[in-house]
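Just below is one structure, and these are the notes that go with it.
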Amino acid sequence: MEIYWDLAAWFSRIATITISGILFCRFINPFLRHNTLRHKWNVWMTGVVYIFTMLFLAVIPFEMYGMTAYAIGILAFFLAVYWYDRRNLEQKLFLMFLLYLVNWISYGIALLPREILFRYVIFSNEVITLTTRVYFVIYLLTEVIFILCDYCVTRLLLGVLDRIYLYKHENMTRKELGLMLAIPLSGIIGYVSFTFFSNIYESDTKWYIQDVHSSYQWVIGLYQAIAYGAVVAAVVLYQDMKKNHRREKENAVLAGQLESLEKHISEVEALYQNIKGMRHDLGNHIMILENLCKEGEQREAIGYLKEMKEQFYEAETEIKSGNPVTDILLTERKREAEDREISFQCDFHYPEGASVNAFDVSIILYNALNNAIEGAEGCEKPFIRLFSYREKNVLMIEIANSLKERVIIEEENGLPLTTKDNKEDHGYGLINIRRVAQKYFGDIAIEQRDGMFVLHIMLMLA
């Protein structure tokens, strides 16, 4: 039967290592950049690295176990993750410390029911007197229960962290890393202390401390629960800080856009003043032309008409959308796109008779076309296509642009993660577009196909 006992011990060890590798990989997956199926499979390979590292440490001649082995396993996992995605090193370091702490906490909590089963079942007089095979089966069932508990606890602890860690692609600064590591490190120091004193006790007495003092395991469990609660509180506070920081950036972006839109409104006012002045002078112009024609000065009359025509076109916009504010905005964006050698097609019509604010529509077009110009620039055949249509009380706006490479979409908000000025930044313009769309009980949708990025915007009109 000795070989069966060895197999049972190996089964338990392999199962717990595999569970940890799979759950660690699932946890880290949303934090990494991947936009193809091949990349997602590469992420799963990081879990394989952890599993094989831990198994290797278990079979080498000088067997390693406990905190040292888990530290080496987490380090190998970190290196695999960093090799795959080298962004945001500080965040990855913090996550590795979290995983190391969670691994210890989940293992310790899962040991509690195992200790109870060993004390009151495995080592009970009724079970010890049973045959060896029956006793082995009971022991094997106990190990299965331990494995299931380890899986459930680890998944629960990581699931909570995954849910409260909202801004997974936000950069973590070194100062933030130093602040956030304080609590996990204190938990790990506690882990080291418990392990040290347990080893000292075993060395001096030749007994496991939990066998002599049954409350020891419960004290560890209580400490682990408190340590995990402190980690959760720290992550929540950190996410609140990031939320406030993001809101400040959104407001700053919106303030800049409002300033730009005020400029457009000023241009509209100037346009109306020009038209009003032309109407005021129209009678005078007609009288001058009549006098020139009567006196036979046809050449002067033609020159005068040419000058009037130039003044008239200066007061006109190139795009006619049905609203002077959007006319000027679209004309300006069309000229900017053409200056960058981007083909610009526009079939946008402002919804007549609808209770929609021209200012809100301008925020949508301003942000969407800015993003489209940035996305199309540098493509082999750059283009932007804008059109809209109205179906009863629903206004649909669609902006499509050529795309150099596929954009990564964040899972938590469905918006793309863009790179600006060599720093990771979120599409605050799209956040403002969504905010306006939701104001009109609508929303946005993003589609990527055939080297093209398409933004769909829906507004409900009263």
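Grab the Cα-Cα distance for Val121 and Asp204, subtract it from 0.36 nm times how many residues apart they are, and report the gain in nm with one decimal. Net length gain for the segment: 27.1 nm. Residues whose amide H comes within less than 5 Å of that of Ile408, counting only those at least five positions distant or on another chain, are Leu417 (H built at 1.01 Å from N in the peptide plane). Cross-link pairs exceeding 29 Å between alpha carbons, from the set Lys175/Lys404; Lys381/Lys439; Lys249/Lys381; Lys392/Lys439; Lys168/Lys404; Lys249/Lys404: Lys175/Lys404; Lys381/Lys439; Lys249/Lys381.
Using a 1.4 angstrom probe, figure out how much accessible area the range 68-174 has per residue, in square angstrom, rounded to the nearest whole. Don't jump to the answer; show the numbers that get you there.
Details: 5230 Å² over 107 residues.
Accessible area per residue: 49 Å².
A cut-off under 12 angstrom between Cβ atoms defines the neighbours of Val144, and their net charge, with Lys, Arg +1 and Asp, Glu -1, is -1. The modelled label-to-label distance for the pair Ile409/Leu156, using points 7 Å beyond Cα in the direction of Cβ, is 3.4 nm.
Approximating the spin labels as points 7 Å out from Cα along Cα→Cβ, the Asp443-to-Trp41 distance works out to 3.2 nm.
Just the number, please: Stokes-Einstein D of the range 103-142 in µm²/s, Kirkwood Rh from C-alpha pairs, 37 °C, 0.692 mPa s. For the chosen part, D equals 302 µm²/s.
Sorting the segments 177-186, 88-97 by their residues' average number of neighbouring beta-carbon atoms within 10 angstrom, most packed first, yields 88-97, 177-186.
Annotation: peptides 439-451, 99-111, ranked by per-residue average of other Cβ atoms within 10 Å with the highest first, follow the order 99-111, 439-451. Once the Cβ-Cβ distance of Asp211 and Met241 is raised to the sixth power relative to R0 = 56 Å, the FRET efficiency obtained is 0.80. Spacing of the modelled spin labels on Met396 and Ser355, each 7 Å from Cα toward Cβ, amounts to 2.5 nm.
The values are calculated or read from the model by the stated rules, or taken from the named source; none is laboratory data. Everything quoted here is computed from the prediction, not taken from an experiment. Here the Cβ is made from the backbone with ideal geometry for all residues, glycine too, and neighbour counts use every protein chain on show. Only protein heavy atoms, including side chains, enter the accessible area calculation; ligands, DNA and RNA are left aside. Shrake-Rupley method; radii C 1.70, N 1.55, O 1.52, S 1.80 Å.
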